[in-house]
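Quick notes on the structure that follows.
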Amino acid sequence: MKIFITGANRGLGLALATFAAERGHTVIAGSRNGDKPKGELTKLKERFPNQILILAIDVTDEQSVADAAKRVSMELASIDVIINNAGVLLDRGVKIEDLDLSLFDQTMDVNLYGPIRIVKHFLPLLFQGSNQTIINISSDAGSITKAYGGDFSYGISKAALNMFSKQIRQYVAEKNIAVLAVHPGWIKTDMGGENATGSPQDTARNLLDIIEKKKNIDHDQFFIHHNGDEMPI
């Protein structure tokens, strides 16, 4: 499979890119510094030179997304999987009385408009693929049922992302493309912090099992935990 991952330079995105390559897939690793890759992503490219395409992309810049899609079209012609992984959490621990509303603009730009831009420009490439899947990395913070009084812009952006996931699922229904919003769990990343109880590696393995259809997901489910369990909307 040809798997496109945003935010692939660290955390869950890097774990996904690593395990996907180890399983023999071609990985399009999207990163804002993809034109000058460094760190673990560069090492991954050295390990799998023929399987990793490092792609410069800024999900908040539509021209950047359009240019990235054009490059993938020229080099690979099609993709089979989109994983919208890039995301931010900017208002952790901030009370509503102290909230800087500009954080909403930044958060929505990355967490919601970013995936919308990606799908807009990469969907034609996905249509040319096979056994296709779109995974939007969501959060239990986006569950209206489980809403809590904090992380305001983050939670609202993820709830909106769930809605977008449902809309796209309906939009591509006749093409038999799987579309899922996935809660990755509380994992040890820059966003999750050191106290998190899960690992990006475990989540990445489960997501790849879903993509490879090793883990069966009920057709009616669209918001799920990475282990396959249904999440409350």
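For LEU103, the conditions (1) surrounded by fewer than 22 Cβ atoms within 10 Å (Cβ to Cβ); (2) at pLDDT 95 or above all hold with the exception of (2). State whether one or more residues within region 98-117 are in contact with a helix residue (DSSP H, G or I) (Cβ under 8 Å, 6 or more places away or on another chain), of a type in the set (Phe, Trp, Tyr) and within 26 Å of LEU76 (Cα to Cα). There is no residue in region 98-117 that is in contact with a helix residue (DSSP H, G or I) (Cβ under 8 Å, 6 or more places away or on another chain), of a type in the set (Phe, Trp, Tyr) and within 26 Å of LEU76 (Cα to Cα). On the stretch given as region 176-226, residues that are surrounded by 15 or more Cβ atoms within 10 Å (Cβ to Cβ), in a loop (DSSP other than H, G, I, E, B) and not hydrophobic (A, V, I, L, M, F, W, C) total 9. For region 1-8, indicate whether the set of residues that are modelled with pLDDT of 95 or more and surrounded by fewer than 19 Cβ atoms within 10 Å (Cβ to Cβ) is non-empty. No, because not a single residue in region 1-8 is modelled with pLDDT of 95 or more and surrounded by fewer than 19 Cβ atoms within 10 Å (Cβ to Cβ). For region 69-82, state whether one or more residues are in contact with a Ser or Thr (Cβ under 8 Å, 6 or more places away or on another chain), surrounded by 23 or more Cβ atoms within 10 Å (Cβ to Cβ) and modelled with pLDDT of 95 or more. Among the residues of region 69-82, at least one is in contact with a Ser or Thr (Cβ under 8 Å, 6 or more places away or on another chain), surrounded by 23 or more Cβ atoms within 10 Å (Cβ to Cβ) and modelled with pLDDT of 95 or more, which makes the answer yes. Of all residue pairs spaced 6 or more apart or on separate chains, none has beta-carbon atoms under 6 Å together with a first member in region 123-141 that is free of Cβ contacts under 8 Å to residues at least 12 places away in the same chain and among the hydrophobic types (A, V, I, L, M, F, W, C) and a second member that is crowded, with 19+ Cβ neighbours inside 10 Å and assigned to a strand (DSSP E or B). Taking region 15-40 as the range and being within 20 Å of ALA69 (Cα to Cα), modelled with pLDDT of 95 or more and surrounded by fewer than 24 Cβ atoms within 10 Å (Cβ to Cβ) as the test, the residues that pass are HIS25, THR26. A count restricted to region 35-48 and to residues that are in contact (Cβ under 8 Å) with a residue 24 or more places away in the chain and under 17 Å from THR6 (Cβ atoms) stands at 5. Taken over region 55-68, the residue count meeting the criterion of being of a type in the set (A, V, I, L, M, F, W, C), surrounded by fewer than 22 Cβ atoms within 10 Å (Cβ to Cβ) and within 17 Å of the chain's Cα centre (by Cα) is 1. Can you tell me which residue is nearest to the chain's Cα centre (by Cα) among those in region 2-26 that are more than 22 Å from LYS36 (Cβ to Cβ) and in a loop (DSSP other than H, G, I, E, B)? Once the filter is applied, the top-ranked residue is HIS25. Pairs linking a residue in region 153-171 that is at negative phi to a residue that is among the aromatic types (Phe, Trp, Tyr) and assigned to a helix (DSSP H, G or I), with Cβ atoms under 6 Å and 6 or more positions apart or on different chains, are SER153/PHE104. If the condition is being within 19 Å of LEU76 (Cβ to Cβ) and either aromatic (Phe, Trp, Tyr) or touching a residue at least 60 places away in the same chain (Cβ under 8 Å) (or both), then region 1-24 contributes MET1, LYS2, ILE3, PHE4, ILE5, THR6, ALA8, GLY13, LEU16, ALA20, ARG23. Can you find a residue in region 123-144 that is charged (D, E, K, R), surrounded by fewer than 18 Cβ atoms within 10 Å (Cβ to Cβ) and assigned to a helix (DSSP H, G or I)? So far as region 123-144 goes, no, none of its residues is charged (D, E, K, R), surrounded by fewer than 18 Cβ atoms within 10 Å (Cβ to Cβ) and assigned to a helix (DSSP H, G or I). If I filter region 113-122 for residues that are over 30 Å from GLU174 (Cβ atoms) and surrounded by fewer than 18 Cβ atoms within 10 Å (Cβ to Cβ), do I get at least one hit? No.
The values are calculated or read from the model by the stated rules, or taken from the named source; none is laboratory data. Not measured: the values here are computed from a predicted model. Glycine gets a Cβ as well: all are built from the backbone with ideal geometry, and neighbour counts include every protein chain shown.
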